[in-house]
Amino acid sequence: MSTRPEFFRGLVLAAATALLLSNTALAETATSRPAAGPPSVADLAEGLLDAVVNISISQNVKSDDDDAPMPQVPEGSPHQEFFDEFFRGPGGDGNRPRTVNSLGSGFIIDPTGFIVTNNHVIQDADDIEVNFANGTKLKAKLVGTDSKTDLALLKVEPKKPLKAVSFGDSRKIRIGDWVMVVGNPFGLGVSVSVGVVSARGRNINAGPYDSFIQTDAAINRGNSGGPLFNMQGEVIGINTAILSQTGMSVGIGFAVPTELAMNVVTQLKEFGETRRGWLGVRIQPVTDDIAESLKMETPHGALVSGIIEGGPITRGEIKAGDIIVRFDGTDVAEIRDLMRAVGESPVGKAVDVVIIRDGKEQTVHITLGRLEDGERLANAPVSQNGEGVKPNEPPAAQLPASDVVLGMKLAVLDEGRRKTFGIADDVKGVVVTEVQPNSAAAERRVAVGDVIVEVGQEAMDTPDDVSARVEKLKNDGRRNALLMIANKTGELRFVTVRVE
């Protein structure tokens, strides 16, 4: 049997051995664990600073408002001279400043002098000047702009090749990856800040193709148009916006990803304008109510609310009421997915579009048009042969209307009502002559003069058709009726109205 002293010596030895093994294991783990963040970006920044530029613009403004009221400054105020000089000009003769200046950032993508920046940095500029890191200043020519992605391309004429940076693949960036911002905040000169990717695919309602990279790297006024680099020194975003009540960084900045920007920049460089694909449809989201009314398990896709006349769809390949769920191999979860996929496709490309019609999937083939041409068609007014409502013309209430359905009084769309409400000749359906306040239809902003084209994907010709279809939907256990509604000019939209 061991003696007591020997017993305690054994315990001490065992504890020491365990502690030594534990420290060794911790040391090995620490050496094998990746670094928590880059210890320094000095080497990376040093090779990139010369490719980032400061952009200064000036804009001439008219002095047509010399009679506008001036701020009242107490006589003898120490700031009076500054107000007088700003509002009245030198000598106090009332001539206001005629030039407005602002600053932003940009970066060189080609040694011959092509520079990328934000559209809002140079918008309405009369004069653009590019300031380089070495102090050189060059006048810039505007090559082209794209307001939908807030991008612009400039061109300077350098005496020798410039330092340029290359685009990386923003699709490979992950949440938590380190990124570096280089720009010209507050006009102080080239500055560097570092952070991580906070989120991807952010929609901040800035444009139709929103899919921003969010970062906590400091982005301030003057950083707009500057590059967002990955740790390989590739541009994976163009800084364009911040979320802040003060105008200063609070760690929520947004950059246009290169997966959107590269194609735009290439088109601006080649054509001086964008040339996006165009499907020629009007679309709206598939809401929970619309999905339920169509017996979809989950809301997804883009609901077609109309076809633009003169567009790529000429033989009824896609119709109002179809739901587009896949475009050229890309799944469409929401309307933004479809808008981006179509916009990034080349003009004239033949694509397969998967739609849901009458509850069944089918594939149609479309040759894309050009969005810029389509916008002119979409904005063109729809011709109307009717003269509209005259001040002394008898109201439609004098004509017989149906009983109330879903809070609406309905009537056959005859020539008299078509003229009374100014409804285009090619609009077919049942006209709404009255909407009761606080009714199910009023909740969905159905208005007098609207025309019900379909209910539950069935065409309507008379008020009795509407009543019968709504009653059938109730009997089928539906909580909502899906209405296709045309306005006076024929523009379509879908709404769901409670039938309970």
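Details
- By accessible area with a 1.4 Å probe, ligands and nucleic acids excluded, highest first: order of Asp210, Asp464, Asp476: Asp464, Asp476, Asp210
- Taking amide hydrogens as placed 1.01 Å from N in the peptide plane, the amide H of Ala241 sits under 5 Å from those of Phe254, each at least 5 positions away in sequence or on another chain.
- Residues with amide H under 5 Å from that of Gly183, placed H, sequence gap 5 or more: Ser191
- Of the trypsin sites (Lys or Arg not before Pro) in the stretch 208-317, the ones in a loop by DSSP (not H, G, I, E or B) with at most 14 other beta carbons within 10 Å are Lys295, Arg315.
- Over 21 Å (Cα to Cα) - which of Lys172/Lys349; Lys141/Lys269; Lys295/Lys319; Lys319/Lys428; Lys319/Lys472; Lys319/Lys419 fall in this group: Lys172/Lys349; Lys319/Lys472; Lys319/Lys419
- Accessible area ranking (1.4 Å probe, heavy atoms, ligands and nucleic acids excluded), largest first, for Met231, Met484: Met231, Met484.
- Gln284-Leu243 pseudo-label distance in nm [points 7 Å out on the Cα-to-Cβ vector]: 2.8 nm
- Between Gln59 and Leu188, the contour length at 0.36 nm per residue exceeds the alpha carbon distance by 44.3 nm.
- Relative compactness, the stretch 184-265, computed as alpha-carbon Rg over 2.2 N^0.38 Å: 1.02
- The phi torsions of the stretch 356-362, fed into the Karplus equation with coefficients 6.51, -1.76 and 1.60 and a -60° offset, translate into couplings of 10, 10, 6, x, 10, 7, 8 Hz, rounded to whole numbers, with Gly and Pro shown as x.
- At R0 = 30 Å, FRET efficiency that the Cβ-Cβ distance of Thr330 and Ser166 yields, to 0.05: 0.70
- For Arg357, neighbours were defined as the other residues whose beta-carbon sits under 14 Å from its Cβ, and their charges (Lys and Arg +1, Asp and Glu -1) total -2.
- Computed from the C-beta positions of Lys295 and Lys349 and an R0 of 25 Å, the FRET efficiency is 0.15 to the nearest 0.05.
- Checking every one of the trypsin sites (Lys or Arg not before Pro) in the stretch 116-196 against DSSP loop status and a limit of 14 other Cβ atoms within 10 Å picks out Lys159, Arg174.
- Built amide H within the under 5 Å cut-off of Gly113, gap 5+: Leu162
- Listed values for the stretch 41-57 are Karplus-derived 3J(HN,Hα) couplings in whole Hz (6.51 cos²θ - 1.76 cosθ + 1.60, θ = phi - 60°), namely 10, 4, 5, 5, 5, 4, x, 10, 4, 5, 8, 9, 10, 9, 10, 10, 10, and x replaces Gly and Pro.
The values are calculated or read from the model by the stated rules, or taken from the named source; none is laboratory data. If you're wondering where the values come from, they're calculated on a predicted model, not measured in any experiment. Ideal geometry is used to build each Cβ from the backbone, glycine not excepted, and the neighbour counts take in all protein chains shown. Accessible surface is based on the protein model in full, side chains and every heavy atom, while ligands, DNA and RNA are left aside. Shrake-Rupley method; radii C 1.70, N 1.55, O 1.52, S 1.80 Å.
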